[in-house]
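Each reported figure results from applying straightforward, stated rules to the coordinates on display, with no laboratory input. Since the structure is predicted, the reported quantities are computational estimates derived from the model, not experimental observations. We place every Cβ from the backbone using ideal geometry, glycine too, and count neighbours over all the protein chains shown.
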Amino acid sequence: MNIKFLAEYIKHPKTVGAVAPSSKYLAEKMLENIDFENCSAIAEYGAGTGIFTAEVIRHKKKDTKFLVIERNERFYRILRRKFAKCSNVFVINGNAQDLRKYMKMCGAYPVDYIISGLPFASLPHDISDRILAETKKIIAESGGKFITFQYTLFKRKLFERFFDIDDISVAIRNIPPAFVLTMTSKQR
Ligand SMILES: C[S@@+](CC[C@H](N)C(=O)[O-])C[C@H]1O[C@@H](n2cnc3c(N)ncnc32)[C@H](O)[C@@H]1O
């Protein structure tokens, strides 16, 4: 049981969106469609305590820039402690909807992959819409991919408003099992 995570969920249920961090199995699934050899920058939304972050850092090339965005102050401090000294890793206490601003600050162009742990099932609609609209534009510029996980496919239609879904896989060993969606920017 991760007490710090649970405590933040109790304080901010809608934005934290889960009672515990994801598993390493889910982290591995989230990264399956990333071509780490050909990648100039990656961004992560809602890194929490850094389960996906650690896996990206383990796989990425040293010169690939990695922007790790977390809104919650307590999780941000944990992420900084764990990863701030890693090469070309930028841990940011901020909002996913401001990714373009952070790309400018860090000189991270183009962003080829955006991975997300954001709880779209519980985030307010206007916030989800703003984040997804901006994400769509950023990956359209790079021809990149947006990768997220969901415990159900109830929000599939929301994603389909912005993206083409290229792949859906299931991380069975996560508790509960989770769907991993890999998407590209919608052409129309
Ligand atoms: C379900 S948790 C996922 C944490 C971690 N990725 C994992 O899988 O264990 C969602 C995270 O998104 C963060 N979050 C929610 N809204 C955000 C936003 N607009 N910008 C950045 N982070 C946000 C929360 O603080 C929380 O850490």
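Averaging Cα coordinates gives a centre for the stretch 129-173 and one for the stretch 44-88; these two points are 20 Å apart. Let a ≥ b ≥ c be the square roots of the eigenvalues of the Cα gyration tensor of the chain; is it rounded (a/c under 1.5), or, if not, prolate (a/b larger than b/c) or oblate? Rounded, because the longest to shortest axis ratio a/c is under 1.5.
When a/c is below 1.5 the answer is rounded, else prolate if a/b is larger than b/c, else oblate, so apply that to the stretch 50-97 with a ≥ b ≥ c taken from the square roots of the Cα gyration tensor eigenvalues.
It comes out prolate by the Cα gyration axes.
Can you list the trypsin sites (Lys or Arg not before Pro) in the stretch 32-105 that are in a DSSP coil and have 14 or fewer other beta carbons within 10 angstrom?
Filter output for the stretch 32-105: LYS61, LYS62, LYS85.
Beyond 29 Å in Cα-Cα separation lie the following of the pairs LYS61/LYS101; LYS4/LYS157; LYS4/LYS24; LYS60/LYS157; LYS24/LYS61: LYS4/LYS157; LYS60/LYS157.
About the centre of its Cα atoms, the stretch 67-188 shows a dipole size close to 360 debye [charges on the beta carbon of Lys, Arg (+1) and Asp, Glu (-1) only; nearest 20 debye]. Of the residues ILE34, SER128, PRO21, the one whose Cα sits farthest toward the positive end of the charge dipole of the chain, with +1 on the Cβ of Lys and Arg and -1 on the Cβ of Asp and Glu, is PRO21.
Within the chain, the selection of entire DSSP H helices by a Cα span of 18 Å or greater along the long axis and an average Kyte-Doolittle value of at least -1.0 returns 125-142.
For GLU73, GLU8, GLU32, the sequence from fewest to most other C-beta atoms within 10 Å is GLU73, GLU32, GLU8. Nearest 5 is fine: what % of DSSP beta bridges in the chain come out antiparallel, could you say? Antiparallel bridges make up about 40 percent of those DSSP assigns within the chain. For the options ASP129, ASP112, ASP35, a Gaussian network treatment of the chain with springs between C-alpha atoms closer than 10 Å singles out ASP35 as fluctuating the most.
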